[in-house]
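Just below is one structure, and these are the notes that go with it.
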Amino acid sequence: MPRAESGRTLGTLAWLRAGLRPSPLTDGSDVGTPAKRPRWLLLASAFVLWMVVVGVGLGQLWAYAQTPGPAARASAAWPAATRLVRDAHRPTLLVFAHPQCPCSRATIGELALLLTQVRDRMTTYVIFYRPLNAEPGWEQTDLWRSAAAIPGVQILRDDDGADAAVFGAATSGQTFLYDAEGKLIFSGGMTSARGHSGDNVGRSTLTALLNGGRSATTQTSVFGCLLGTPTE
Amino acid sequence: MNHTSDVLRITRSRTAEIFTQLQQRVFQETDRLFAVLMAVQWIFGVGIAYWISPLTWAGTSSGVHPHILAAIFLGGAISAFPIALAITRPGQPMTRYAIAIGQMLTSALLIHLSGGRIETHFHIFGSLAFLAFYRDWRVLVPATVVVAGDHLIRGIFWPQSVYGVLAASQWRFLEHAGWVVFEDIVLVFSCLRGTRELWSIAERTAEFETSEARYRAVVEQTAEGIVVFDARTRRIVECNPAFLQLLGAQHDTVDGLTVDESMLPGAQKLDDVIERLLADGRPTTVERTLRRPHGSSIEVACSLNRTVYAGEQGICAVVRDITEGKRIEAALEKARDAALQSARLKSEFLANMSHEIRTPMNGVVGMSGLLLDTDLNPQQRDFAETIQSSADSLLMIINDILDFSKVEAGKLHFEVLDFDLRHAIEGTNDLLAERAFAKGVELVSLIDRPVPAALRGDPGRLRQVLTNLVGNAVKFTDQGEVVVHAALDSESPADAVVRFEVKDTGIGIPEAVQPLLFEAFTQADGSTTRKYGGTGLGLAISKRLVELMGGEIGVRSVPGEGSTFWFTARFLKPPDSVHAEDLPEAALDGRRVLVVDDNETNRMVLHHQLASYGIQDHAVAGGAEALSALRDAAVNSRPFELAILDRQMPGMDGLQLARAINRDPSIADVRLIMMTSLGCIGDDDEIAAAGIIVCLTKPVKQAQVRECLSRAFAQPIGSPMAPRRGGSSTPGQPGGRGRVLIAEDNIVNQKVALLQLRRLGYSADAVANGAEAVEALSRIPYDLVLMDCQMPEVDGYEATRLIREEGHIARRIPIIAMTANALPGDRLKCLEAGMDDYITKPIKVSELHAVLVRWDPHHTQDDVPDPIGSAA
């Protein structure tokens, strides 16, 4: 190859090599020199420590996110003692939520997503917990408003958690699905983790059930705050 | 490795350096950018957490949501290490890898804190794009590994949190990681392109630096000042350190200075020079004086040329300090003037010496000549002849010394004349023939046939050298012969180198002395001066003359056997020169001639001369052999038609042999030619009675031989005519006709003229220049003057004018010009100067005789031949 061409080719190969090879150190330090080894050791140790701390932290965070609330003590059929009216012609979906629970934001989001698919096939109630001595309007949070904005959803206030107690819901985000005969066909949450939107087993199970299909899963974990204080 | 390869290698090396520096700067700047970004992200994460999930509830009880703690502490931990590295180790690979990992972990945290919002997932893709700012594709690797690892681990342990299903396939993480990899591929190409652009920038920068360095190496390191000034304002806009040094100024003092402020006015107005340069664009050079601080200045030469500087028309000047050069030039001029003055003084000295010495000497020679023309008793005549010969000897010595001085001073003048080499050689021999004959030494000349007859050069100087060598040979030979031989050494269409050898049978020269012979004032032996006389300058002068004629000189000698002096000389060839090889005349071709001479050299020379005419010659050494050869030839019906007999032979001499031939009827028809020496002038009757048709005078000349042969063969057999001397001028009686003054600066030409005049029967004296001629004429009543036109001090024209003006020269004396120039205008010039006639050099005896007859008042009207002036 002529020299001019080889010069250009060499230039092309040079930048390619420069782009592919490790960059040199600018501090002139030579890792191999005995004087520089302790620094590299310290650096490597710091990196490892950092990864460990971050890993542990993330692990803890993920573990927390994956820790469900107490499961519902639900009866297999529509409780007679409830004040809620079941729809005798189609399934009834109940979602119990703590109005202050941040994790239930995802639940309400999943509910909205569910209703875009199967709204007309069920009657949907969202029951918000309200303590007896709560100030007026305590329960009307952005969660309340988000739920109320969903078409086809009836918002109910559950004073002192009476309705939750009747149905056995303990955790915010607890969802029950009763068929037209009043049989409980699903109990659980509609999120995959605390406050985590996105595809989840609960929503996909409800979708399958409401579309007339079957589902192998009838129960999922519920990720959210406690509907009542532990002493209650 | 050649220069181009070196430059390429240096440029590539520098490109790599610059690329590394640029890349490092990118790394460091991006590190700092990410340090800020990660800090902002941390704060933002805390804000997000506080906004989305500030509290966790249990009925009516609430507490700080773990997300807040995670945002603060975990977020801080994620950001702290990369930020710390960005601050302490910017640009390091560890830093950016840590930043890449930290950025992905931050994405994971933010996604988690935001509740897995799909919008927050874009942080991952955005972060990868930000990481591409490094233009280092390797940074994407740990980031991608973190994302893939996160999905892998959570897919294994918490699949629902990633995929929304309780159990996912083990390769499901690839579906999510695949989108990241897709972006990675695009970003890798972007990084590589960015690297290439960086490399291009580095290459251009390196090339510019190399070019700049090469430019600066020339401009800033050159010893000559370079300055650029604006063509319009004449202000200096750029200059190199050398110019500042010349100006004795600093850069800040030069900025804005006009060229007129920096230079003193010169012979040429600078404005005019610049305007002319701008108009025609032709570079020009001017010399100016450069002003320096403290009032000093230096001389500079400025080479100006047009240029364009920073888009404006400018003038670029290369300024060179010529102060030292000027000083040297002035010193050289001064030295030259001093040398010219010295040369002039030397010439004046030589001229004065020549005049001061020759003038009284000419007086002595002239007066002694006049004295000898009077009636003297034998004793008085002896005294007068002694005075004359002593004066001649002294004049010869003085001439040698002055000639040597001229040679040393480089004042010799060489004429350029067309001449016949044969005449030059034979003329020299004529000068010395009498002296040789007096000692009984044969003097012979031989010219080889290939030697061109007509040559162009200075015959006078050639004769001077030959006269010296032949004179020495005759002087140092007591018996035997002296042979002058001319041969062709080399030839070209334009010139010929002739080799001359003068061989004698004299006393020889010791080998130890031979190398010193041509040095001035050196003779073979100190006793030589006492026995043979001489100044020791002749050979030194001859050596100089030979060298000036483009030749060499040398000697071969054996003591007791003889010497051979040789020299070469280069002559030009006239356009129509012919060789000495004469075409045989029809009348001589095939004739049979017998040569009788006891001298082998003479026999050889005659054979050479006769053979050139196509003559069949046979040579014998004595009378008895001759008679036998003649008779045998007659018996064999191949008789000899002519015999050339040497007059002087041992046993039977030439006359006796001639008589013997005449007495023998079988060979009495042979025509006879007698060779006589100069001393045999008085034998005419005796020779005629012996039946000799014509005499040849030694030394025998080629032309004489032909003339005698033609005359002899033209004579009917049996009718001898009164023998006439072939070729040689009939020597006149000294003082028999007028007295002639010869004004000629060349000594040899003087001698030739003197001899020619003597043979024509004139008394003659010689002077060396016009001033001496005027003085001589004022004391001695010469009848005619032969005036050389070109002479030192006072030339012939000036001398003639002086002579005509001088009141004490009563009668109008005929002045005949001797000139080398034969143009018509020269004759007019001679006549206007007051001369009466002229003859051209080299002077032929017949022409000389004719002009003397015309102008010598001692000749009668019957002697006047046709004027030669009409031939001009």
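What follows is calculated from the coordinates using simple rules that are stated; it is not laboratory data. As the structure is a computational prediction, the values presented were derived from the model and not from experiment. FYI the Cβ positions are ideal-geometry reconstructions off the backbone, even for glycines, and counts take in every protein chain you see.
Length gain on complete extension for the stretch B:Asp664 to B:Asp685, per 0.36 nm per residue less the alpha carbon to alpha carbon distance?
5.4 nm
Which entries of B:Lys503/B:Lys841; B:Lys573/B:Lys844; B:Lys698/B:Lys841 have Cα-Cα distances beyond 23 Å here?
B:Lys503/B:Lys841; B:Lys698/B:Lys841
Which order do peptides B:464-471, B:604-611 fall in by mean Cβ count within 10 Å, highest first?
Answer by packing, highest mean first, reads B:464-471, B:604-611.
With the crude spin-label approximation of a point 7 Å out along Cα→Cβ, what separation in nm comes out for B:Glu501 versus B:Arg25?
Placing both labels 7 Å along Cα→Cβ, they lie 9.1 nm apart.
Enter the mean number of other protein chain beta carbons within 10 Å of the beta carbon of each residue in A:216-228, as an integer.
Taking all residues of A:216-228 together, the mean is 2.
With a Förster radius of 25 Å, plug the Cβ-Cβ distance of A:Val56 and B:Ile87 into 1/(1 + (r/R0)^6) and report the FRET value to the nearest 0.05.
Calculated transfer efficiency: 0.50.
Just want to confirm a number: the relative contact order over chain B, from Cα pairs under 8 angstrom separated by 6+ residues, in percent.
Normalised by residue count, the contact order of chain B is 6 percent.
Figure the gain on full extension for A:Glu135 and A:Arg90 (residue separation times 0.36 nm, minus the Cα-Cα span) and round it to one decimal in nm.
Fully extending the segment from A:Glu135 to A:Arg90 adds 12.6 nm.
Which FRET efficiency value, to the nearest 0.05, is calculated for B:Arg638 and B:Asn377 with the Förster distance at 56 angstrom and r the Cβ-Cβ distance?
Computed FRET efficiency for B:Arg638 and B:Asn377 comes out at 0.35.
Which of B:Thr210, B:Ala231, B:Val286 sits closest to the plus end of the dipole of segment B:167-326, meaning its Cα is farthest towards the positive end, when Lys and Arg get +1 and Asp and Glu get -1 on the C-beta?
Among B:Thr210, B:Ala231, B:Val286, the one farthest towards the positive end of the dipole of segment B:167-326 is B:Val286.
What distance in nm lies between label points placed 7 Å from Cα along the C-beta direction at A:Ser215 and A:Ala76?
2.0 nm
For a Förster distance of 56 Å, can you work out the FRET efficiency between the beta-carbons of B:Arg812 and B:Ala223, rounded to the nearest 0.05?
That gives a FRET efficiency of 0.15.
For peptide B:59-72, compute the average count of partner chain beta-carbon atoms within 10 Å of each residue's beta-carbon.
Mean partner-chain Cβ count within 10 Å for B:59-72: 5.
So what's the angle, to the nearest 10 degrees on a 0 to 90 scale, between helix B:172-219 and the longest Cα principal axis of chain B?
That helix lies at roughly 30 degrees to the long axis.
May I ask you to list the lysines whose Cα is less than 19 Å away from that of B:Lys406, ignoring any residue fewer than eight positions away on the same chain?
Cα-Cα hits under 19 Å: B:Lys346, B:Lys543.
Tell me which residues come under 5 Å, amide H to amide H, from A:Gln174 once H is placed; ignore anything under 5 positions away on its chain.
Here the answer is A:Phe96, since their amide H atoms fall under 5 Å of that of A:Gln174.
Taking the Cα-to-Cβ direction at B:Val364 and at B:Val186 and moving 7 Å from each Cα, how far apart do the two end points lie in nm?
Distance between label points: 12.6 nm.
So which aspartates and glutamates can B:Lys326 reach, going by Cα to Cα under 14 Å and dropping same-chain residues fewer than 8 places off?
Reachable aspartates and glutamates: B:Glu287, B:Glu299.
What order, most packed first, do the peptides B:106-113, A:93-100, B:272-279, A:174-181 have when packing is the mean number of other Cβ atoms within 10 Å of each residue?
Descending mean neighbour count gives A:93-100, B:106-113, A:174-181, B:272-279.
Considering only C-alpha atoms, what is the centroid distance from segment B:440-460 to segment A:65-129, in Å?
Measuring centre to centre over Cα atoms gives 150 Å.
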